[in-house]
Every structure is written in structure tokens, then in C-alpha cells.
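One structure below.
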Amino acid sequence: MPQSVDKILDHENLFREPEYQTMLEGKKAFEFNHADEKIKQIVEWTKTEDYKEKNFKRDSLVVNPAKACQPLGAVFVANGFAKTMSFVHGSQGCVAYYRSHFSRHFKEPTSCVSSSMTEDAAVFGGLNNMIDGLANTYNLYKPDMIAVSTTCMAEVIGDDLNAFIKTSKEKGSVPAEFDVPFAHTPAFVGSHVTGYDNALLGVLQHFWDGKSGTAPALTRVPNESINFIGGFDGFVVGNMKEIKRIFELFGADYTVLCDPSEVWATPTDGEFRMYEGGTTKAEVERALNAKATIVFQEFCCEKTTKYIKEKGQEVIVLNSPIGVAGTDAFVMALSRLTGKPVPAELEKERGQLVDAMADSQAHLHGKRYALYGDPDQMLGLTQFLLELGAEPAHVLATNGDEKWATKVQALFDASPYGKGCKTYPKRDLWHMRSLLHTEPVDFLIGNTYGKYLERDTGAPLIRMVFPIFDRHHYHRLPIWGYEGAQRVLVNLLDEYFEALDANTIIPGKTDYSYDIIR
């Protein structure tokens, strides 16, 4: 074999060795046994308008959706509260997926436990799993709070979390006064943003409405503080620092509801931190009294927003402020709520962003982009691309609805660069493939899974959407605010220049534009 002590090959070279090539050819003949020419013919057909028309007519099949399931969002929320353990009522396999998904993106361990439901629980219910699981979690990991959510199995059989948690307390799994907020997060409907919404709502209801009937409901005593909800955000480590900085520049009294930025950015100093940072229980209770709540993701927090409004607070709903206009809306809202003028430092940063955009707009002007991801981030990125004079030709959100599509269309209609651009709610990445083949663009904005679209269609991928597995530390830098917009601008420009260099690299043939000054 090609691998030996004296000859150690890395994986990208190992499978190119003759022995492996022979093995793979034999495997192909045994398992597949279709002529290469026939395969090529069918592949080429899938790139045509005829195939696209058939592709867009399917209504009973989803191929590679650009979303994850509800419990992933619930685990995100649990990690945003101080010394809180996420407890998923379901199978171990599901929870392994949530842990690995976050760990691969943030490059940090993500704590989450399971009630370890198996076949017997699927038949008889998972009460015993809940009783034992809560007891183990409380005694082994010593959290201050356990946040419970569900997977498909628990929801299909109809397990009642409220009743199960009460019974577990009666059985002595955890003390009667111990905080166990919960949310039903069926994985077969909605997406990770729905799960975020349900889980955050569950936490707020637990503390504000009397802890499932075990304590008096809190009475709102309005003060001048402001709450902030960021929503499900794959760039939370960098973004949260930036948002806190902006609040502090205004001298605002603020509370972040759900802040996992520290648990996914713990230092290496010899001490393992299962819990780090996060919103405390006292802060959650105090948040009821705030004069207003600023929400950065309208479509990620629909139920939570409605609930907070019902409590008497003003709610300002924005859509992932990326770029000038998006950040302006946030800054002006803070100025109005605090009664203070916009700090000079922010005015300067805004001017620096506009200057950077002016310096580089000639390179991005008129470039066509396809982008996919969560609804609110797509709104923010679309708005910024239009500010740059770029054309967001295809904007797709598998978890977007017609209301979202209408908001994106309004952005198109308000800009000369939006003419001919289209939005695609409830579509998947196989739809995106058809679009890229039949209506090509210059660049694709998406997550790691877009690299297969890049290879298939030739559209260079810009990684700006969760999850990002094949690049490191993107989450540590902000994309929100004026400073974050500069980072997004640099990412767009870097990929443009990389593509330009790749297209002009052959000496004596294409290198007439292989310049050292851009």
C-alpha cells in the first residue's frame, strides 16, 4: 500500500495513488455501472432551462435545504444564559449533531445533554428518561439552570414537558425551586430560527410569568433600560462585542437577552470552562422593566417580539444591520431611546465606511450576486450590496416566507440596482443550482455547503453565512455595525480580486491584467 512509516501521505494525496484509484474504479463498476457518457449527458441536462422548470415545480421533496432544525436554535439560546445547561429531550444522536455543528463552526466545545430516548421511550413515553436525565445533569454538571427542548421523537409521541418537569421535581431529580425553563421545538417543522424563538420565549415566560405556576408572576416597573436581542447569529462572538461597544458609547443602561459570545470564545489558559458569560437570571427578571427592546432579527423572533410587546414595552425590530442604512437605523433608535446625540466616534466610523465604499465601489459596481441563508441576514446583506451598486440577482431563504419576500422586493424596488433581481422563499440549494446554471452570477454568498455549488457552477463562494466549517475564525469578527460592514466589504473585495487574479494568471496569454495594484 502507498501508506507506510517511511512514506506518510496526507489525505488529499493518498487517494490519488494507483492502488486506491484501482479500488475506486472497481467499486464504481460494482455499485453504479452506468456509462460515463450517459452520466455526462444527464448532468448537462440538469443545467438547462428545461430542467430548471421541472425543478421549480417540485412540491413534495426538499433537496439540501439552507436551514437546520428547531432544537439547534434552542441549544444556541441555552448557551446564551449564565451557567445554563441545554437539555434536549430526545435521542443521543440528535444531540451529538447539535454539539458537533456548533463546535465545528465556533471551534469551541459546546455543552449539551440528552435524555437518551431509545425504542422503549418511543413506545411508552420518555418520562423516566426525563426523571433520570435531569437528576444526572443537576448532579454531574452543577448548573444554575437547565433549559429543556425537544426533538422529533418526543414531539411525535406527544411528551408533555411541563408535566414531565413537574413530575421530575416531585421525584427529587432537581429541587422544587430549581429553574427549568422549557420549549417544545419539533424538529420536523420550522427551522433553527423557529427553535431560537420558541426557546427564548420559554425562558422569558418562565421568569416573567411565575415559573410555571410555582412563584408569583413578576410585576413590570418601567425603567430607562434597554434590552437587546440579537437572534440566531453565527458571528455572535464578533458581533456581540461590537453591539455592546455601541451601547456603551451611548452610555446606555442595557441588557443582552441571550449572549453566548463568551462561551464560544473561552481562552486557553489551563482552565476548562463549561460555562462562561451569558445573561444571568437576575438580568432576565430585570429585563421585564425595560422601556424598550431592540430586536435584530424580525423573522427569528416573531413570537418573542409579540410577547414582549404584550408586556408593555416598545419593541424596535430591525433586520441584521449590515452596511450604512441598516446601522443608521440602529444608531438612530438608540439615540431616540437614550435621548442622547449620536457619539462623534460613531459619526466618524460611518464616514470611514462610506469612504471605504467609495474607494472600492468601481470593482463591485454591477457585479451580480446570488445569496442564501436566514431571512434577516439576507435582508441585511441585500441592502448592503445595493448600497455598493452591486446586484443581488438571486436571494434565497429556505426558511423565508412571502412576508419576507415582500420586504426583499421592497429593497429591490427602492434601488436602480435591484431591477431584475428576484427573491426565492421556501427554496433550497438544488433550486439555487438551477439558477446558477441558467442565470449565472459573478459571486455566490453562502455557507460552507456552497462550496459544492462553487465547484459545480464556477461561481466563487464568499463565506458569510452559518455554518462555516472549512474556514477558521470568521465568527470572531463582526459583520454588524459600521465596523462590521467594513469587514464584509473586505470579504467581497478579496474574493473579487482572487477571481480576477485567477482569470489573468497565464503568462503571455491572460496576464495582461495580472497587476500588483488593484
query: What number of residues within the range 14-28 are open to solvent by 80 Å² or more (accessible area, probe 1.4 Å) and not in a helix (DSSP H, G or I)?
result: 2
- prompt: Among (1) open to solvent by less than 70 Å² (accessible area, probe 1.4 Å); (2) within 30 Å of Leu435 (Cα to Cα); (3) among the charged types (D, E, K, R); (4) within 17 Å of the chain's Cα centre (by Cα), where does Lys67 come up short?
  reply: (1)
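Go over the candidates Ala121, Ala78 one by one and state the one that is modelled with pLDDT under 95, farther than 30 Å from Met432 by Cα and open to solvent by less than 10 Å² (accessible area, probe 1.4 Å). Working first, answer last.
On the way: Ala78 fails: modelled with pLDDT under 95.
Sole residue among the options that is modelled with pLDDT under 95, farther than 30 Å from Met432 by Cα and open to solvent by less than 10 Å² (accessible area, probe 1.4 Å): Ala121.
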message: Looking at Lys52, Lys7, Lys67, can you tell me which residue is of a type in the set (D, E, K, R), assigned to a loop (DSSP other than H, G, I, E, B) and in contact with a helix residue (DSSP H, G or I) (Cβ under 8 Å, 6 or more places away or on another chain)?
response: Lys67
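If the requirement is being surrounded by fewer than 23 Cβ atoms within 10 Å (Cβ to Cβ), on the phi < 0 side of the Ramachandran plot, among the hydroxyl-bearing types (Ser, Thr, Tyr) and touching a strand residue (DSSP E or B) at 6+ places or on another chain (Cβ under 8 Å), which of these qualifies: Ser100, Ser86, Ser60, Ser111?
Working: Ser100 fails: touching a strand residue (DSSP E or B) at 6+ places or on another chain (Cβ under 8 Å); Ser86 fails: surrounded by fewer than 23 Cβ atoms within 10 Å (Cβ to Cβ); Ser60 fails: touching a strand residue (DSSP E or B) at 6+ places or on another chain (Cβ under 8 Å).
Exactly one residue qualifies, and that residue is Ser111.
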- prompt: Condition test on Val189, is it touching a residue at least 24 places away in the same chain (Cβ under 8 Å), surrounded by fewer than 16 Cβ atoms within 10 Å (Cβ to Cβ) and of a type in the set (Val, Ile, Thr)?
  reply: yes
message: For the range 335-354, give me each residue that is within 20 Å of Phe228 (Cα to Cα) and in contact with a helix residue (DSSP H, G or I) (Cβ under 7 Å, 6 or more places away or on another chain).
response: Pro341, Val342, Pro343, Leu346
Selected residue (criterion: surrounded by the fewest Cβ atoms within 10 Å (Cβ to Cβ)) from residues of the range 222-273 that are aliphatic (A, V, I, L, M) and in a loop (DSSP other than H, G, I, E, B): Ala252
message: Which pairs turn up if I take residues in the range 368-397 that are under 23 Å from Val317 (Cα atoms) and look for partners that are part of a helix (DSSP H, G or I) and of a type in the set (Lys, Arg) with beta carbon separation below 8 Å, at least 6 apart in sequence or on another chain?
response: Leu379/Lys407
field: Options Tyr482, Tyr452: the member that is in contact with a Lys or Arg (Cβ under 7 Å, 6 or more places away or on another chain) and modelled with pLDDT of 95 or more
entry: Tyr482
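Is it the case, given these coordinates, that Tyr138 is in a helix (DSSP H, G or I) and touching a Leu at 6+ places or on another chain (Cβ under 6 Å)?
Values: in a helix (DSSP H, G or I): yes; touching a Leu at 6+ places or on another chain (Cβ under 6 Å): no.
Considered against the rule, which asks whether it is in a helix (DSSP H, G or I) and touching a Leu at 6+ places or on another chain (Cβ under 6 Å), Tyr138 comes out as no.
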statement: Within the range 79-110, residues being in a loop (DSSP other than H, G, I, E, B) and over 18 Å from the mean Cα position of the chain (by Cα) number 4
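Within the range 292-324, track down each residue that is open to solvent by 40 Å² or more (accessible area, probe 1.4 Å) and hydrophobic (A, V, I, L, M, F, W, C).
Once the filter is applied, which keeps residues that are open to solvent by 40 Å² or more (accessible area, probe 1.4 Å) and hydrophobic (A, V, I, L, M, F, W, C), the range 292-324 yields only Val317.
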- request: Mind listing whichever residues of the range 86-113 are under 22 Å from Gly125 (Cβ atoms) and aromatic (Phe, Trp, Tyr)?
  value: Phe87
message: I need the full set of residues from the range 369-390 which are open to solvent by 10 Å² or more (accessible area, probe 1.4 Å) and closer than 20 Å to Val490 by Cβ, in order please.
response: Gln377, Gln383, Leu386, Glu387
message: I'd like the residue in the range 166-186 that is touching a strand residue (DSSP E or B) at 6+ places or on another chain (Cβ under 9 Å) and not in a loop (DSSP other than H, G, I, E, B) and, out of all such residues, is least open to solvent (accessible area, probe 1.4 Å).
response: Asp179
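Restricting attention to the range 337-357, does a residue exist that is among the polar types (S, T, N, Q), open to solvent by 20 Å² or more (accessible area, probe 1.4 Å) and over 22 Å from the mean Cα position of the chain (by Cα)? Spell out the reasoning first.
First, the residues of the range 337-357 that are among the polar types (S, T, N, Q): 338, 352.
Going one step further and asking which of them are open to solvent by 20 Å² or more (accessible area, probe 1.4 Å), we end up with 338, 352.
Next, only the ones that are over 22 Å from the mean Cα position of the chain (by Cα) stay: 338, 352.
Checking the range 337-357: at least one residue is among the polar types (S, T, N, Q), open to solvent by 20 Å² or more (accessible area, probe 1.4 Å) and over 22 Å from the mean Cα position of the chain (by Cα).
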query: Could we say that Thr327 is in contact with a Cys (Cβ under 9 Å, 6 or more places away or on another chain), in contact (Cβ under 8 Å) with a residue 40 or more places away in the chain and at negative phi here?
result: no
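The values are calculated or read from the model by the stated rules, or taken from the named source; none is laboratory data. Remember, predicted model here, so these are calculated numbers, not experimental data. Cβ sites come from the backbone with ideal geometry, for glycine too, and all protein chains shown count toward neighbours. In case anyone asks, the SASA skips ligands and DNA or RNA and just uses the protein heavy atoms, side chains included. Shrake-Rupley method; radii C 1.70, N 1.55, O 1.52, S 1.80 Å.
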